[in-house]
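Data block below; observations after.
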Amino acid sequence: MESHASLLGPAEWAALGLSLKVALVATLASLPFAIVVAYWLAADKLPGRSLLDALVHLPLVMPPVVTGYLLLVLLGRRGLVGEWLEQHLGIVFAFRWTGAALAAAVMAFPLMVRAIRLAYENTDAGLRQAAASLGAPPVAVFLRVSVPLAWPGIVAGAVLAFAKALGEFGATITFVSSIPGQTQTLALSIYNQMQVPGGEHRLWPMVLLATGLSFAALFLSEALVRRSRQRLE
Amino acid sequence: MTLDLDLRLRRGAFELALRLSTEARVTALIGPSGSGKSTLLHAIAGIIEPSAGFLRWGDETWFERSKGINKPPHQRRIGYVFQESRLFPHLDVQGNLRFGMRYATPPRSQFAYGSVVEMLALGSLQQRSVHNLSGGERQRVAIGRALLAQPALLLLDEPLSSIDRAHADQLLPYLIRLRDDLQVPMIYVSHDPDEVSKVAQAVVQLGDQRPLFERWQKGMPD
């Protein structure tokens, strides 16, 4: 009989730790971009809006394997951009945890942008007009009014993206494969375990863990959105 | 300083034509709802873009369709006191008051923080959240905030209308003090003749410009 402590073995703990690291880095690195892109999409005057909108949402509707393959073609070691990045900046994504973070960021980006955009759209345009009337140029209106007012929504979007990044599978396995300790996140580890005959008993703790983490993140995100609505009323 | 304008403004399905020239320190814009009072203030502030005409303040042109001039709001040096205050909910009273100060360049430092706070009796409110201010207090903060941005022209859009009668009477002396103590010209929108007679020096009456059928549908208001 297995003891309680060994429900998760060293390999599973490593997968969990890697997942958290990958998801955290993916979320924090893409957040500044999401804040700007969402504002662009929420403003109705700026050019190129529909094109940007479609581009941002592409990973949401494309087969993840296609997204992963495109990442590989672009950013793999022999990829169009990947080769240049390695030669000039020494940055390698292929088959590294950084690649897993990039894949997770790309897949979670639409969700993050949507949540932040909603937060912008819920803020009062009258307050931006007031700020402009006080002499604030557009960038200052953005930084001193729009972002602070949308902040709870921005945090909610980040938490949602974190949850999505934590569970990302298709694009990740295609782009960086499933290397234990390097790119094998919790989701990939579960999939891997499924391939092992009679491995179900080691599967369940990870399945419960993944479910619990996702649920907690969604719950937190929803609570933040509710709080932000109350605050603005 | 002269405010000189001749503007066409699209509003919904029809166009509003407004012409105005005033040199008075306090010009009141009165007229029934639908006469375009608030729309005109929005156009002066640059929040909406007229479809034709020109708008000049002193020797500055803020808008001129034929020359392609349309200065954005933050370059017009206006102070706008909105009907509903529009205080920033994420800042306290002091944060609201100081918001526009950094954009006022040195030659424009007519109003010092201390004297504005004193004139509008805001001393005890400075650390307060804007969420638990009364209607009158909110408008005083909004006026102070507009003044501290060092405007060349102050626009007031029915500043007393969102406040109940008793509090409005308390705010009125502040507006009169504003008129007498400051060198800032004001455009004051109101529908209350009593209020206007107490504050304004010149009165511009705007007519109901809505098409006849729409007035008829709404049963000829005011």
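The values are calculated or read from the model by the stated rules, or taken from the named source; none is laboratory data. This structure is a prediction, so every number in the text was calculated from the model and none was measured. Ideal geometry is used to build each Cβ from the backbone, glycine not excepted, and the neighbour counts take in all protein chains shown. Ligands, DNA and RNA are excluded from the accessible area calculation, which covers all protein heavy atoms including side chains. Shrake-Rupley method; radii C 1.70, N 1.55, O 1.52, S 1.80 Å.
Shielding of peptide B:70-80 by partners, expressed as the average count of other chain Cβ atoms within 10 Å per residue Cβ, is 4.
Using the crude model of +1 on Lys and Arg Cβ and -1 on Asp and Glu Cβ, and no other charge, please compute the dipole size for chain B relative to its Cα centre, in debye to 20. Each step should come with its number before you reach the end.
Details: 27 positive and 24 negative charges, 124 e Å.
The calculated dipole for chain B is roughly 600 debye.
Using a Gaussian network for chain A with springs between C-alpha atoms less than 10 Å apart, which of these wobbles most: A:22, A:65, A:207? It is A:207.
Enter the mean number of other protein chain beta carbons within 10 Å of the beta carbon of each residue in A:171-178, as an integer. If you can, show how the numbers build up before the last one.
Working: counts 0, 0, 0, 0, 0, 0, 0, 0.
Counting Cβ atoms of other protein chains within 10 Å of each residue's Cβ and averaging gives 0.
Between residue A:50 and residue B:67, the modelled labels are 3.7 nm apart [label points 7 Å from Cα along Cα→Cβ].
Note on residue B:198: lysines with a C-alpha under 28 Å away, same-chain residues under 8 apart excluded, are B:37. Size descriptors for segment A:10-232: radius of gyration and Dmax over Cα atoms are 19.5, 69 Å. Once C-alpha pairs closer than 8 Å and six or more residues apart are averaged by separation and normalised to the residue number of chain A, the relative contact order reads 29 percent.
Residue B:71: which aspartates and glutamates have alpha carbons under 18 Å from its alpha carbon, excluding same-chain residues fewer than 8 sequence positions away? Of all the aspartates and glutamates, those that pass the test against residue B:71 - Cα under 18 Å, at least 8 places apart if same chain - are B:4, B:6, B:49, B:59, B:60.
Computed from backbone phi with θ = phi - 60° and the Karplus coefficients 6.51, -1.76 and 1.60, the 3J(HN,Hα) list for segment B:74-88 is 6, 9, 8, 6, 10, x, 10, 9, 7, 3, 9, 6, 6, 6, 6 Hz; x is used for glycine and proline. Here segment A:27-66 and segment A:171-190 have alpha carbon centers that stand 26 Å from each other. When nucleic acids and ligands are ignored and a 1.4 Å probe is applied, residue A:33 ends up with an accessible area of around 130 Å².
Please compute the Kirkwood hydrodynamic radius over the protein assembly as shown, one decimal place, Å, based on all pairs of different Cα atoms.
Details: mean 1/r = 0.0386 Å⁻¹.
The Cα-based Kirkwood calculation yields 25.9 Å.
The orientation-averaged shadow of the Cα convex hull for segment B:145-186, equal to a quarter of the hull surface, comes to 3.1 nm².
Across all C-alpha atoms in segment B:3-218, the radius of gyration and Dmax reach 17.4, 53 Å. If you add up the charges near residue B:190, with Lys and Arg at +1 and Asp and Glu at -1, over every other residue whose beta carbon is less than 12 angstrom from its beta carbon, what do you get? The answer is -3.
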